[in-house]
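Accompanying notes for the structure given below.
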Amino acid sequence: MTRPMQIALEEAKAAAARGEVPVGAVVVSPSGEIVGRAGNRTLEDKDPTAHAEMLAIRAACMALGTERLIGCDLYVTLEPCPMCAGAISFARIRRLYFGADDPKSGGVEHGARVFSRSTCHHAPEVYGDIESGPSRALLRTFFAARRD
Ligand SMILES: [Zn+2]
């Protein structure tokens, strides 16, 4: 497993331990340095926008002192939702690597397909189904436990 995806998975596991939906994200700078990492914090922050990708992008922008992450890549364990796909576009992320696909809430390969719209002015290169097994297992376990 690539190191950024491994760290994203660690963030997803930490999110699950906090009772959050287990999704983790990592931003890697053009020089290969990890400049942002986060798991979902919507419950803890009482913030519906506190998805892993949003928090990792914010952290990376703070770390690099810029609002555009040109040349940076984002790794996330689950297909981003439309909100996060929008933020990825605004941040000018170069490449998006995501784990499990999300037919119910995803906005990249499903639903809104944000990057395919004419109103989307920057689309990253997208690589899906990256190390999706562990991510999918984590989500399945999390939601199975909630149904009991
Ligand atoms: Zn999202």
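Exactly one residue out of E79, E10 is closer than 17 Å to I130 by Cβ and within 16 Å of the ligand (Cβ to nearest atom), and it is E79.
For the residues L55, L43, L9, the requirement of being without any contact (Cβ under 8 Å) to a residue 60 or more places away in the chain, among the aliphatic types (A, V, I, L, M) and within 21 Å of A144 (Cα to Cα) singles out L43. Residues in segment 104-116 that are within 14 Å of the ligand (Cβ to nearest atom), among the hydroxyl-bearing types (S, T, Y) and assigned to a helix (DSSP H, G or I): 0 in all. All told, T119 falls short of being without any contact (Cβ under 8 Å) to a residue 12 or more places away in the chain, more than 16 Å from the ligand (Cβ to nearest atom) and either closer than 19 Å to A38 by Cα or not in a loop (DSSP other than H, G, I, E, B) (or both).
Checked against the criterion of being of a type in the set (K, R) and either surrounded by 14 or more Cβ atoms within 10 Å (Cβ to Cβ) or assigned to a helix (DSSP H, G or I) (or both), segment 63-71 has no qualifying residue. Check whether at least one residue in segment 130-143 is within 16 Å of the ligand (Cβ to nearest atom), touching a strand residue (DSSP E or B) at 6+ places or on another chain (Cβ under 6 Å) and not in a strand (DSSP E or B), and report yes or no. Scanning segment 130-143 turns up at least one residue that is within 16 Å of the ligand (Cβ to nearest atom), touching a strand residue (DSSP E or B) at 6+ places or on another chain (Cβ under 6 Å) and not in a strand (DSSP E or B).
Of everything in segment 82-103 that's in a strand (DSSP E or B) and within 13 Å of the ligand (Cβ to nearest atom), which residue is surrounded by the fewest Cβ atoms within 10 Å (Cβ to Cβ)? Filtering segment 82-103 for residues that are in a strand (DSSP E or B) and within 13 Å of the ligand (Cβ to nearest atom), the one surrounded by the fewest Cβ atoms within 10 Å (Cβ to Cβ) comes out as L96. Among the residues of segment 37-53, those that are within 14 Å of the ligand (Cβ to nearest atom) and surrounded by fewer than 24 Cβ atoms within 10 Å (Cβ to Cβ) comprise R41, T42, D45, D47, P48, T49, A50.
Of all residues in segment 15-36, those being away from the ligand (no atom under 14 Å from the Cβ), of a type in the set (G, A, S) and part of a strand (DSSP E or B) number 1.
Every number here is computed from the coordinates shown, using simple stated rules; none is lab data. Since this is a predicted model, take the numbers as computed values, not measurements. Ideal geometry is used to build each Cβ from the backbone, glycine not excepted, and the neighbour counts take in all protein chains shown.
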